[in-house]
Amino acid sequence: MADRKKELLLAARKAQEKAYAPYSNFHVGAAVRGGDNRIYSGCNVENASYGLTCCAERNAIFAMIAAGEQRIREVLVIGDSSEFLPPCGACRQVIAEFAARGTKVHMCNGKGECRTATVRELLPFRFQLSKDET
Ligand code: THU
């Protein structure tokens with residue numbers, strides 16, 4: 001595995017250990033490499049009011065934004081599953097906001113094996129406000 005991807009995997013795994021998921025018991029970690037080449041990570045955070053739960057990917061991206069970086073170079077997400085973990089629809093839209101269409105998203109299983117797709121493959125159409133509506 002390439003060093004840069006390995007770095008993302010280690011950061012995502014570390015964040016996964018911090019997941020707050022007492023309701024689903026499904027622990028997820030995510031890491032994004034920003035345009036500044038720094039790695040930002042996040043875990044899923046659940047809530048007794050289930051709909052308030054926030055996914056690991058969005059928490060990682062929001063940490064990147066709060067640090068002042070707005071460009072995503074690469075994303076990696078990992079869960080405790082035998083299947084490769086694809087980002088949910090809401091996270092795809094949030095990833096697309098800050099990534100180019102060719103940006104890679106690595107979807108990993110519990111063993112750390114990954115399947116890779118581009119943002120365009122994951123979300124061929126995304127909602128966008130046209131400039132004159134803002
Ligand atoms: N979850 C993520 O954090 N990322 C995903 O890509 C899929 C789902 C979380 C949300 C919830 O805490 C748990 O996994 C079960 O859906």
### Query
In what order, largest first, do Tyr20, Tyr50, Tyr40 sit by accessible area if the probe radius is 1.4 Å?
Tyr50, Tyr20, Tyr40
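In debye to the nearest 20, how big a dipole does the chain give about its Cα centre with +1 on each Lys and Arg Cβ and -1 on each Asp and Glu Cβ? It would help to have the intermediate numbers written out before the result.
Working: 19 positive and 15 negative charges, 75 e Å.
Once rounded to the nearest 20, the dipole reads 360 debye.
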### Accessible area, probe 1.4 Å, largest first, for residues Lys5, Lys131, Lys14
Lys131, Lys14, Lys5
#### Entry: Cysteines having no other Cys beta carbon under 4.7 Å from their own, within the chain
Cys43, Cys54, Cys55, Cys88, Cys91
### Task
Would you mind computing, in nm to one decimal, how far apart the modelled labels at Arg13 and Asp36 are, each placed 7 Å from Cα along Cα→Cβ?
2.6
### Task
List nothing, just return the count: lysine pairs in the chain, 8 or more apart or interchain, with Cα separation under 29 Å.
13
### Message
At 1.4 Å probe radius, can you tell me the per residue accessible area of the stretch 3-122 in Å²?
### Response
51
### Message
Please list 3J(HN,Hα) in residue order for the stretch 7-20, calculated via the Karplus relation 6.51 cos²θ - 1.76 cosθ + 1.60 where θ = phi - 60°; whole Hz, with x for glycine and proline.
### Response
4, 5, 4, 5, 5, 5, 5, 5, 5, 4, 5, 9, 3, 10
### Task
Evaluate the distance, in nm, between pseudo-label points positioned 7 Å from the Cα of Cys88 and of Asp3 along their respective Cα→Cβ axes.
3.7
### Query
Alpha carbon centre of the stretch 47-65 versus the stretch 96-120: separation in Å?
18
### Task
Bin width 10 Å, alpha-carbon pairs only: give the P(r) of the stretch 3-122 as whole percents, running from 0 to the bin holding the largest distance.
16, 51, 30, 3
### Task
Kindly report, to the nearest 10 Å², the accessible surface of Asp3 as traced by a 1.4 Å probe over protein heavy atoms only.
120
### Query
Using a basic spin-label model with each label point 7 Å from the Cα along Cα→Cβ, how many nm lie between Ala66 and Asn47?
1.5
### Karplus (6.51, -1.76, 1.60) ³J(HN,Hα), θ = phi - 60°, over the stretch 78-84, in Hz, Gly and Pro reported as x
9, x, 7, 10, 7, 8, 5
### Task
Starting from the stretch 17-104, pick out the GluC sites (Glu not before Pro) whose DSSP state is loop and whose Cβ has at most 16 other Cβ atoms within 10 Å.
Glu17, Glu83
### Message
How high is the relative contact order of the chain? Use alpha-carbon pairs under 8 Å, at least six apart in sequence, and give a whole percent.
### Response
19
### Full-extension gain in nm, Ser81 to Thr118, via 0.36 nm per residue minus C-alpha separation
11.2 nm
### Contact order relative to length of the stretch 23-77, as percent, for alpha carbon pairs under 8 angstrom and 6 or more apart
42
### Task
State the answer as a single residue: which of Asn25, Leu9, Leu129 lies farthest towards the positive end of the charge dipole of the chain, with beta carbon charges of +1 for Lys and Arg and -1 for Asp and Glu, about the Cα centre.
Leu9
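The values are calculated or read from the model by the stated rules, or taken from the named source; none is laboratory data. These figures come from a predicted structure and were not determined experimentally. Because the Cβ atoms are built from the backbone with ideal geometry, glycine has one as well, and the counts that use them run over all protein chains shown. In case anyone asks, the SASA skips ligands and DNA or RNA and just uses the protein heavy atoms, side chains included. Shrake-Rupley method; radii C 1.70, N 1.55, O 1.52, S 1.80 Å.
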